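The values are calculated or read from the model by the stated rules, or taken from the named source; none is laboratory data. Computed from a predicted model, the values in this text were never measured in an experiment. Every residue, glycine as well, gets a Cβ built from its backbone with ideal geometry; the counts of neighbours run over all protein chains shown. Heavy atoms of the whole protein, side chains included, go into the accessibility calculation; ligands, DNA and RNA do not. Shrake-Rupley method; radii C 1.70, N 1.55, O 1.52, S 1.80 Å.
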Amino acid sequence: MRIHHVAGITLALFVTACSPPPAGTSAGIPCVNASAAHHAYVVVEHMSGAAIQRCVGFDGAAIDGQALMDQSGVQYMAHKLSSGKAVCQVDNEPPQVTECFPQNKPYWALFLETRRVWAGSTTGFTEASLHDGDALGWHYVAATDTSPAPPPLARPLPGGSA
């Protein structure tokens, strides 16, 4: 009886591990509105090197960076400036924010991915316009890093563009 019980648990674990991801995800990557015609991504790389990705489906020709961040479910805190918004915290890094740009402290570098190539953003995230397969990328880097590397490339949904 004990052998049958262990075999049943092993089979259940095997079936769970080998099952396709649930609808609305791509290999474990959550996607809001996955059935939409187009998809854009948010990629976040922490200073530790840990990275996360989220996907947002949209039906229009483009989605702005503010809407992408808001719909992605990625936690962030932004500070309003006269020229737009600056991001002080993403995915709870840094853990506490008392000042958005403290001198000699790490900062969030912003990148835009188009056609599977990252480029440093020349605008704030709220001004970014992303099209099907594009990504908004954040990399938390040391204050001394004047040429930060971009986060990992977005992993598009199967059958999606990019």
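Those residues that are assigned to a loop (DSSP other than H, G, I, E, B) and aliphatic (A, V, I, L, M), I need them from region 88-105; list them, please.
Residue satisfying the conditions is VAL97 alone.
Can GLN71 be described as outside any strand (DSSP E or B) and either open to solvent by 80 Å² or more (accessible area, probe 1.4 Å) or of a type in the set (Ser, Thr, Tyr) (or both)?
So GLN71 passes the test.
Within region 106-117, track down each residue that is within 15 Å of the chain's Cα centre (by Cα) and in a loop (DSSP other than H, G, I, E, B).
Answer for region 106-117, where residues must be within 15 Å of the chain's Cα centre (by Cα) and in a loop (DSSP other than H, G, I, E, B): just ARG116.
Take region 78-107 and flag every residue that is touching a His at 6+ places or on another chain (Cβ under 8 Å) and more than 15 Å from TYR140 (Cβ to Cβ).
Listed by number, the list holds a single entry, LYS85.
If a residue must be more than 19 Å from the chain's Cα centre (by Cα) and either under 23 Å from GLY49 (Cα atoms) or open to solvent by 80 Å² or more (accessible area, probe 1.4 Å) (or both), how many such residues does region 75-105 contain?
Count: 14.
State which residue pairs qualify: first residue free of Cβ contacts under 8 Å to residues at least 60 places away in the same chain and over 15 Å from LYS105 (Cα atoms) and inside region 78-93, second residue of a type in the set (Lys, Arg) and surrounded by 13 or more Cβ atoms within 10 Å (Cβ to Cβ) in any location, beta carbons under 9 Å apart, and separation of 6 or more residues or different chains.
Close Cβ pairs satisfying both conditions: ALA78/LYS85; HIS79/LYS85.
Of all residues in region 32-48, how many are open to solvent by 40 Å² or more (accessible area, probe 1.4 Å) and over 18 Å from LEU112 (Cα atoms)?
Result for region 32-48: 6.
Tell me yes or no: at least one residue of region 124-146 is in contact with a His (Cβ under 6 Å, 6 or more places away or on another chain), within 17 Å of PHE58 (Cα to Cα), crowded, with 18+ Cβ neighbours inside 10 Å and at pLDDT below 90.
There is no residue in region 124-146 that is in contact with a His (Cβ under 6 Å, 6 or more places away or on another chain), within 17 Å of PHE58 (Cα to Cα), crowded, with 18+ Cβ neighbours inside 10 Å and at pLDDT below 90.
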